[in-house]
Amino acid sequence: MKGWVTMSYRETYQTILEECETALGKVKEDDVKQFIELLLEAEKVFFIGVGRVKLAVEAFAKRLAHLGIATYIVGQITEPAMTDKDMLVVASGSGESLVPVAIARKAKQIGGKVVHLGSNPQSSLAPITDLMVRIPVQTKLYLADEIQSQQPMSSLFEQTLLLLGDTIAKMIVEKEQIELKSLWQFHANLE
């Protein structure tokens with residue numbers, strides 16, 4: 001087959017898995033635990049991201065909804081009003097995406113907590129963020145201390161974000177001693 005002179009399928013997925021493992025290993029456990037406390041304290045948890053990041057953070061929000069946490073994606077038609085008892089989770093590798101930064105500023109004005117899941121600790125979100133859970137992977141900024149990736153663009157950030165969300169969900173299940181079988185009551189049933 002023409003053009004197949006690089007890594008095999010197996011070598012490629014092993015590279016991706018190794019990159020994800022390295023990235024997850026660099027996330028600070030204390031930040032994750034603090035994030036979990038904020039998630040459990042909030043009345044409602046709102047999420048925002050753009051592009052593929054939005055897809056990963058939507059999957060995270062859905063999983064938290066399965067755990068009984070009231071989650072909403074900013075912009076969805078049934079999104080309720082945010083209050084000072086709520087939290088906004090901003091997923092943005094660079095922390096510079098225009099819409100998420102503007103929404104975060106609005107959430108802060110309302111009095112809600114703002115958590116940034118991203119790579120850039122010096123971003124425009126830094127002054128308004130209550131907590132940053134740093135996933136120090138390559139972004140469009142190519143910061144010196146970011147984990148480099150062989151994958152296109154910000155794929156490693158999006159993958160790590162999805163896996164971090166599932167890791168956090170499992171930690172909540174254990175912390176709250178939730179019986180896994182009971183979670184099906186929150187699963188969509190009009191399918």
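The values are calculated or read from the model by the stated rules, or taken from the named source; none is laboratory data. Small disclaimer: the values here were computed from a predicted structure and weren't measured. Every residue, glycine as well, gets a Cβ built from its backbone with ideal geometry; the counts of neighbours run over all protein chains shown. Calculation scope for accessible area: heavy atoms of the full protein, side chains included, ligands and nucleic acids excluded. Shrake-Rupley method; radii C 1.70, N 1.55, O 1.52, S 1.80 Å.
Annotations
- Helix 155-175 axis versus longest C-alpha principal axis of the chain: approximately 50°, rounded to the nearest ten.
- Magnitude of the charge dipole, region 126-191, Cβ model with Lys/Arg +1 and Asp/Glu -1, debye to 20: 60 debye
- Springs between Cα atoms under 10 Å define the GNM used for the chain, and in it the highest mean-square fluctuation of GLN14, GLN138, GLN34 occurs at GLN14.
- DSSP beta bridge pairing in region 1-140, given as percent antiparallel to the nearest 5: 0 percent
- Protein heavy-atom accessible surface, 1.4 Å probe, per residue over the chain: 58 Å².
- Portion, in percent, of the accessible area of the chain that falls on carbon or sulfur, probe 1.4 Å: 56 percent
- Estimated at 0.36 nm per residue, the fully extended path between GLN177 and LEU141 surpasses their Cα-Cα distance by 8.9 nm.
- Qualifying lysines (Cα of each under 29 Å from Cα of LYS28; at least 8 residues distant if same chain): LYS44, LYS54, LYS62, LYS85, LYS106, LYS108, LYS113, LYS140, LYS170, LYS175
- Distribution of pairwise C-alpha distances over region 138-191, 5 Å bins, in %: 4, 15, 16, 15, 12, 11, 9, 12, 5, 0
- Between THR83 and GLU43, the contour length at 0.36 nm per residue exceeds the Cα-Cα span by 13.5 nm.
- Taking P(r) over Cα pairs in 10 Å bins from 0, in percent as calculated from this structure, the corresponding entry among [x] 9, 35, 34, 16, 5, 1; [y] 8, 32, 35, 21, 4, 0; [z] 8, 36, 38, 15, 2 is [x].
- For region 1-92, the alpha-carbon coordinates run over 57, 33, 22 Å along the three principal axes, in decreasing order.
- With respect to the chain, whose longest principal axis is taken over its alpha-carbon atoms, helix 98-110 is tilted by about 20°.
- Region 61-185 - charge dipole about Cα centre, Lys and Arg +1 at Cβ, Asp and Glu -1, debye rounded to 20: 180 debye
- Cα long-axis angle, helix 9-26 against the chain (0 to 90 degrees, to the nearest 10): 50 degrees
- Taking GLU41, GLU11, GLU176 in turn, the Gaussian network model of the chain (Cα-Cα springs below 10 Å) assigns the largest fluctuation to GLU11.
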